[in-house]
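Quick notes on the structure that follows.
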């Protein structure tokens, strides 16, 4: 490229213009019109099928085409679910040794406690599957898919309170305002479905603790990325997507007539003023019209066979439940939606943990298991990455009154358990380990940024190259410091 | 060629993202002819690729090499130099960027940075031409440039245009013709007021062919109060204004008084320097007025945490940093926040200097964990403008209505006689019990500043102050007789929270203790009476009535948990019946202690019983004085007794029912007014002693290092002479004439408002990583003009919108698009999508629904159901939609909940109001289409707009369609457009004539529906109106 001819420059300019254009538009549809405007030869190129994405991605071999992220909001107790510490049984109500605690900062909810009495889990653990995965009796269904799971027992974060910790998990930064992971993926890889958004969010409320930690729209916000990368939240009441339904009195044929006229008038204006943005708008109105069919078709589960529904458990038909959301997640995955994020609220068990956590597990255990089995039997688990995580763990010492049968646990960021399954992750393994108190990490610590880098890697994205310039920095999901992919858990 | 190599692609993307297409074209094409300029051509390359390791941050500097100033780049490094002026071959920099050896190559391949061949050529030529360094352009105070000479002199209207034209002529381009008058008036009206012009305004402008016609339109718009609202909207985004605290439970706050201040300031054309000083340090001005203190609320708009477990100091530090970052972005256009954890990598702000700036904002007497309270200290209580007059009117009305009730009509007397007979018979026959008699209350007091209002029904309503844990003391005179029990009625009232029983957060109270004392004088000694038992008509789970007589302050009786708050009674039975004399005074004490803040009974009434077994039920329904006046069952009634009875009967006489309900209504109006008579706003204030500030290692609140003191970064200048070294001095420095940045950054934001893109594209970054100005001389000319005019905002805007540049048509040719897709050269007028707020306001305006009230508290218009509930900590966090005018106010008044921002705004790229945001985005998505097609707000507006077309557009269908089109677009439809409208209308009409149900459904949408009749015609016009509101031209400013 040392000696550029004027023709080279023009070519480059055209390409840049196209790129500029695609950056603004969700899909390449309008590109044909623009191509025609600029150079007829380009118009012949079919850009309909080449949705916008960051060119050059994926830049490592992708294993997963999409992610289903089952976020357990409020922070589930690793001690009662996946990280058994049988040695604690003999230490009931004894103080946590100072050598273990090492004076770390605590939330102000327990920093005033005079003692830190150890609270052994009341639940029985067993090993399951060929892999011998430890799962407590709280989750009787999950053992059926034990050999699909890859547990990380050595997760940690720096955040000790919910709001910053969830924000960090989802955006790589503790204060709100950065793009969430789904937005990054949408930005990086674009949409693979021309009738649905690339990033969908669903929220459910736990029965274990109905008054619980709140969520915030910013958790699926696009930050400084264009707003079309925002997660589209499917709602549990009214329209599944905001403003999706035609108003009463305007039926679909009437809407079609309106859009036909609108298209004619917009095209007429385009002919006059020449702004390619108008072509995009025409295309976006048509996409909206298609979504009015594609979304209800997606959320209509009446044709699902009973055998499938049964896998997800008794709540599967109830809109807004975790079970229903899991089923919708599979249907979204089938339609190649890139990033499907579920939030299940209610895991913040400071007091009366056993009562609350058993409710949470009733909500989630069977649907989660059902989702994995359903994906597996359809052959979709190979290219769908499923992630199960909360924002931090819970303490081994009791918050509030301690008995063998009843106890509470405060926030614990220093170690907790998450699991991944499918899409490029080694099945049937356990990674990392904690000490005898599930208080400190003994080996292979995994930071939230490592986890996020690994999820991106499974999608074929080098987390160091997916960045946008912001306030003078190359901003990325995984921060500026060196946080690498956890290669050991990848296929 | 396309996407052939990844490198090429990266380079393209880099060029696109960093400098914008045009700048690149300019660079490439001018490369052979123009001299290299360090600031424009070289610094961006070095900053992007080299400064991370060879820039201002010493902590990260590699090989002890600095390339951000001449000394570092040219110093002798022991036999070689990075840059040898005039000799590229000898310059190590050129060798290192050209080598094939990956170990030596710069930037290192693993950095992800990459220099294109074009970049390398530029660097080589720069060294060849002498390797001149310049200070970064924006840190050098602007000097008023000479207005350039141009060829097409008949085009320019003023100096500003010459700068634009010169660059166009250099590029071999010419300006576009002036836009049509219709386009122009719509453009400038939307730009300056955020609303479309009315048909009358359009008509007047079209008719006015005299010279100053356009200038007069501009003057009119700048004088319109709508101007202040429009300008305030942009400022709210910058100032991160919101109605909630933003963390965790996201409690509501009150900051709208500050919003009023901003609107007023713009409308009064407060000079930008005063505007700045009052908002940053109004509280510190000598003899600061209430308005100046309110202005300082600007820097309390940040989020405030209230989550249970957070460490207050951690978040207090975040608030200070938020203030600093906001101030840095808005006035300096610098990303000072980068220096929080380490010295700035690109701009000359060290970490020490960051914390020196931090120190200016660090002295607010605040608590980091106050976010669950609503407004957090420091707070200013201010009277709400205009309420006093309204309150007096309401009081007068109540008096008039009551006076009218005093007249005694024959009907009233008839009813009265009948009632006396009935009651006496009932008492005789035992159908009415006389178990409870209204107590005569001598007085009622409370700790704290609660005042009690005595209501006509004998109850007392708490008002005035609302302290956390008040204790009420009520003196009752029972009269001669026997008292066995006291009944407490807690009553609902419209002035209480949610029309409930208390002024607490949810309308619930917790009565922690109820005590009774007996004395023989009002103020004399009293003895405590033992209470044997208590019972209540309703108790909340875990809050039974007996907890109010358990002697413990941490427990009590509460009544939450029913679907709706209802009147609820409790009865306290004395252990021993009490014989009372004429002098006896009973003192009732109601305590509201414990952790339930403000959970105090809001309205109460007492009655006494002499029955041996006081029960909850058993109303006589009559106060004791009435029972007494009725006399013995058969005896005669004297005149005095008769007056007592008539007085009482006025409260229940059927004939007076309408009058009473008028009084009640008037009283509730008054109660509402009194509740809103004053409000509070969070403001800045300065502690007497400066709070020590430290360099925080890695930006962590708990890792203080060396102590620092307030100071301005050295590279940006120094405080003006005589300015105090505190927040006030900092504000004065920002608007001093020596400040290199403030005027440039400010005029650039206005430029962005009017042209869609700033002269400096990165409106929030004027540092080394920011974009170079497209027209540097013009920027400096405008900046110096702004200061010269006395920071006169209206005159600056007038200057820009009356320029030939602004008045160009935005029609685009393929040639021009290819040449300058982002319109950085301004060879045409800008054409861009309207803000979401403006799109909604426009729909309300053209329909006539827009409610023109300016200022006041935020309102809650239509919002899809369930959005708040779905994510809140419990399902009770509901969005309670407003009604009436609240539905049709301008969008800038829509309640902004940070956790769930108004969806139709966010979908149109509004700032999330989490942090300072001065950028502008205008994406184009299908979800936006769904809003304007289907949101009830827009559909209702379309129907009312259709009614207006039918009402005002004439009798003919064609005229009505033309009228509607013009209402929105200021122009009439052309033949093709009219033909499309007409055909569409006929098809819709045909459809609706056959679908009466659809007609009725469409007519029933929105709150305005009830008074309207549907018809097939209206439905068809509504379908057309709905479509017009979705035209690309409608949502675009052309």
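All of the numbers you see were taken from the coordinates with simple rules; none came from a lab. Keep in mind the model is a prediction, meaning the values are calculated, not measured. When we count neighbours, we look across all protein chains shown, and the Cβ atoms used for this are built from the backbone with ideal geometry, even at glycine.
A few notes on this one:
- Ratio of the Cα radius of gyration of the stretch B:74-129 to 2.2 N^0.38 Å, where N counts its residues: 1.12
- By DSSP, the beta bridges lying fully in chain A are antiparallel in about 50 percent of cases.
- Estimated FRET transfer efficiency when R0 is 41 angstrom, pair residue B:37-residue A:158 (beta carbons, to 0.05): 0.40
- Shape category assigned to the stretch A:142-220 from the gyration tensor of Cα positions, a/c cut at 1.5: rounded
- Volume of the Cα convex hull of the protein assembly as shown, divided per residue and given in Å³: 220 Å³
- The distance separating the Cα centre of the stretch B:502-577 from that of the stretch B:397-411 comes to 38 Å.
- Centre-to-centre separation between the Cα atoms of the stretch B:232-308 and those of the stretch B:987-1038: 41 Å.
- Where a label projected 7 Å from the Cα of residue B:198 along Cα→Cβ would reach, residues of the stretch B:941-957 with amide N under 20 Å: B:941-942, B:944-954
- Whole-angstrom gap from the stretch A:271-305 to the stretch B:826-901, using each part's C-alpha centre: 25 Å
- For the stretch B:163-322, alpha-carbon Rg and Dmax in angstrom: 21.8, 69
- 0 to 90° range, to nearest 10: angle between helix B:742-755 axis and chain B longest Cα axis: 80 degrees
- Seen from a random direction on average, the alpha-carbon convex hull of chain A projects onto 26.6 square nanometres.
- Cα convex hull of chain B, projected area averaged across orientations, nm²: 54.4 nm²
- Radius of gyration and maximum dimension Dmax of the stretch A:306-376, Cα, Å: 13.0, 41
- When every Cα-Cα distance of the stretch A:45-199 is counted in 10 angstrom steps from zero, the calculated P(r) takes the values 8, 24, 28, 23, 11, 5, 1, 0 percent.
- Chain A - percent relative contact order, Cα under 8 Å, separation 6 or more: 27 percent
- Modelled FRET efficiency - R0 30 Å, residue B:153 with residue B:69, Cβ distances, 0.05 increments: 0.10
- Summarising the strand pairing of chain B, around 95 percent of its internal DSSP beta bridges are antiparallel.
- Relative contact order for chain B, counting Cα pairs under 8 Å that sit 6 or more residues apart, in percent: 16 percent
- Rh (Kirkwood; distinct C-alpha pairs) - the stretch A:421-482, Å: 13.8 Å
- Once the Cβ-Cβ distance of residue B:209 and residue B:655 is raised to the sixth power relative to R0 = 51 Å, the FRET efficiency obtained is 0.15.
- Angle in degrees between helix B:936-952 and the longest Cα principal axis of chain B, rounded to the nearest 10: 90 degrees
- Pair residue B:612, residue A:319: separation of 7 Å Cα→Cβ label points (nm): 6.2 nm
- Computed lengthening from residue B:955 to residue B:533, 0.36 nm per intervening residue step minus Cα-Cα distance: 144.2 nm
- Percent of alpha-carbon pairs separated by more than 27 Å within the stretch B:834-1038: 34 percent
- Length-normalised contact order of the stretch B:834-1038 in % [C-alpha pairs under 8 Å, at least 6 apart]: 22 percent
- Angle between chain A longest axis and helix A:322-334 axis [Cα atoms, degrees, rounded to 10]: 40 degrees
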